[in-house]
Each structure stands twice: as C-alpha cells, then as structure tokens.
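The values are calculated or read from the model by the stated rules, or taken from the named source; none is laboratory data. Owing to the predicted nature of the structure, the values given are computational and were not obtained by experimental measurement. Every residue, glycine among them, receives a Cβ derived from its backbone with ideal geometry; neighbour counts consider all protein chains shown.
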Amino acid sequence: MPSKTVEADQQRKLEGLTKDSPMRLRMESFVKQMQQEVTSALEKVDGQATFKTDRWTRAEGGDGISMVLQDGAVFEKAGVAVSVVYGMLPPAAVAQMRAQHPNIGKTDEALPFFATGISCVIHPHNPNAPTVHFNYRYFELGSDEKGEPLSWWFGGGCDLTPTILYEEDAVHFHEVIKRACDEHDPRYYRDFKKWCDDYFYIKHRGERRGIGGIFFDDLDDKSADELFTFVRTCGDAFVKQYVPIMERRKNMPFTDEDKHFQQLRRGRYVEFNLVHDRGTKFGLLTPGARVESIMMSMPLTARWEYMHEPDVKAHGRLMEVLRVPREWIPA
C-alpha cells in the first residue's frame, strides 16, 4: 500500500493540470475523480453499505485503487477500480495490438507501455434491477526518440444487463448515452451501439450478454484532445444513465423464479468475461497482473444448470433481444 507521502506526491502531480499537460496525467486525473463521484452516488442508492478502498502498487510499475462494496442493502457487489500501470509489454501482448495499429512494427521484443482507466461492474440483489458495466481507458505503446508514444488510443463504453426486461429502462439508458455521443459526432452512437452488440456476443451460446449500450476501442482517428473530451462526456453521463433505473427497481417485489433466473444470467456474464473479454485477456497477459482487480467484475453468486431452458412466458422477451439486438431509439 502506498505511504501517505507517496499519495500526497501523486495528488500534487494531478493538481493544476492544463490542456497542455501530458494526456496520461489528464486521463489519470479524470478516472480518479470519476471513481469518487460514482462510488458516492452508489452509496446513496444503497443507503447502508460503503465501499472498501484497496490501494495497491505494482512492482513492475504503477498503482491503482480498487473500491468494492459487498452485501449491501441494494447491491450484492459493486466494484469501481482505477489503475495506472506502465512497464514493458511482452511480445505476445504487443502482437495482439498490431492488427489495429500498423505503425507498431513487428517485434520479438517487449515494448514500453502506459495504460490508465476506470472500470465498474454493479450486481444488484433485486433481479428487477439490472447489472451494469462501464469502462473508459487510455493506452500508449512504444516510444520514439523524443519520448512520444509510437501509438496511443482510447477505448471504453457502457452496457446494461437486465434479468427482467423493462423497455423503458433500456430506452432511458440508451437515450442518455446517445445524447453524450451526439455532442461529439453524429456517427458515434450508431457505430458504437452496433460495435457493442457485436462485441458482447457469447458465440458459444448464440446470444448477447445484455441489451447493449456503446463500445469502442483503438480510437485514434481524431486529436487526443477531442477524444479525451468525448470520453469524459460519456463517463460523466453514467450516473444519469443508471441511478434513475436503480431507484425505480431496487425495492420491487420478486419471486424465487426471478432470483433463480438472475443466477443463470450471471453465469452467462462470467462466461463472456472469461472466454471473450479483451480486458480480461490483456490483464492476464500483463506482467505483474493483479488477479483480484481483474476478477472484480465477477458476481458474488452465479449458477449453471445442465440443459436449462428459460421460461418463454416469463423471460421470452429478454431472450429475444439477446439473440436479435433491438434499436431502442432512433440512431
């Protein structure tokens, strides 16, 4: 755990930043501020539990803050983590990135990297209330003779995973993030909504993890300043996306069958994260990987049943949109 002196030095480093400050510092400052805002909002919704703060350091370079709330009145588990990591990225991980960043030359050697971001996954007790996820991150790879990165990019997004489908919740979630996207580019919501539907596809099940939102990665087609502002707008929209839904659903009555189905859907959540998720794979490939932080997204409880078939009457509408994504609002 960092000493109080180290923490004070880190805080001073992030104070007084301007638009001319290095992007890595500006993004670090943003994700740490967002972590505090989101955890504060979630504690108010829960009304009982508070977040445990776990500050950690990485021997290879970097540190992070994982904040986790468990067994609250409303949330079974909620995690909001920020990380600032750097060091040398092994060739296997570099090779995964070359397809999207051709300016990264083929190499059998490790390259210097920097990554910072925020990740959040929230699993409520009540099956009427949806699980939610967001992640916003910034990455640099390699270094030229001036110390500038050979490649840099932003990634992230948000998505909603209900157990019981309430169409007004889906519309609200998408409307808020569409407004955030439209502030920056009229193509963003349409393109990133489709990217989200395609990305969160559990191929071996033939269904999506949830009802989508937006997803983007390797974003470097505009100036770093423009893309940073876009990422900030999306991040700032999260509380407006999710808290009104939770306030509507957190105290609704539910049946044993609803809870049973929630456990099965959480099993699908776990399957996607372990089999397909790029962030999980990258984390586990990174030297000095902190497994507790990587697996923070997992629910406390989940269930797998052999040859389970969902009740068409109770859950058919949800399964329909998981198999064939819907356009919740006009793009």
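Some observations on this one:
- Candidates in the stretch 155-177 are the residues that are in a helix (DSSP H, G or I) and within 17 Å of the chain's Cα centre (by Cα); of these, the one that is surrounded by the fewest Cβ atoms within 10 Å (Cβ to Cβ) is V176.
- Filter pass, V239 being surrounded by 14 or more Cβ atoms within 10 Å (Cβ to Cβ) and more than 16 Å from A170 (Cβ to Cβ): yes
- Of the residues L141, L150, the single one that is over 22 Å from V321 (Cβ atoms), among the hydrophobic types (A, V, I, L, M, F, W, C) and buried (at least 19 other Cβ atoms within 10 Å of the Cβ) is L141.
- Filter pass, R190 being farther than 26 Å from Q36 by Cβ, at pLDDT 95 or above and in a loop (DSSP other than H, G, I, E, B): no
- Within the stretch 169-185, no residue that is farther than 16 Å from W195 by Cα and modelled with pLDDT of 95 or more sits with its Cβ atom under 9 Å from a residue that is assigned to a loop (DSSP other than H, G, I, E, B) and acidic (D, E) at 6+ positions apart or across chains.
- Residues (closer than 30 Å to E148 by Cβ and touching a Phe, Trp or Tyr at 6+ places or on another chain (Cβ under 8 Å)) located in the stretch 113-137: F113, F114, A115, T116, G117, I118, S119, F134, Y136, R137
- Of everything in the stretch 288-326 that is under 22 Å from D217 (Cβ atoms) and of a type outside the set (A, V, I, L, M, F, W, C), the residue that is surrounded by the most Cβ atoms within 10 Å (Cβ to Cβ) is S297.
- Condition broken by P253, with the remaining ones in (1) over 30 Å from F154 (Cα atoms); (2) touching a residue at least 24 places away in the same chain (Cβ under 8 Å) satisfied: (2)
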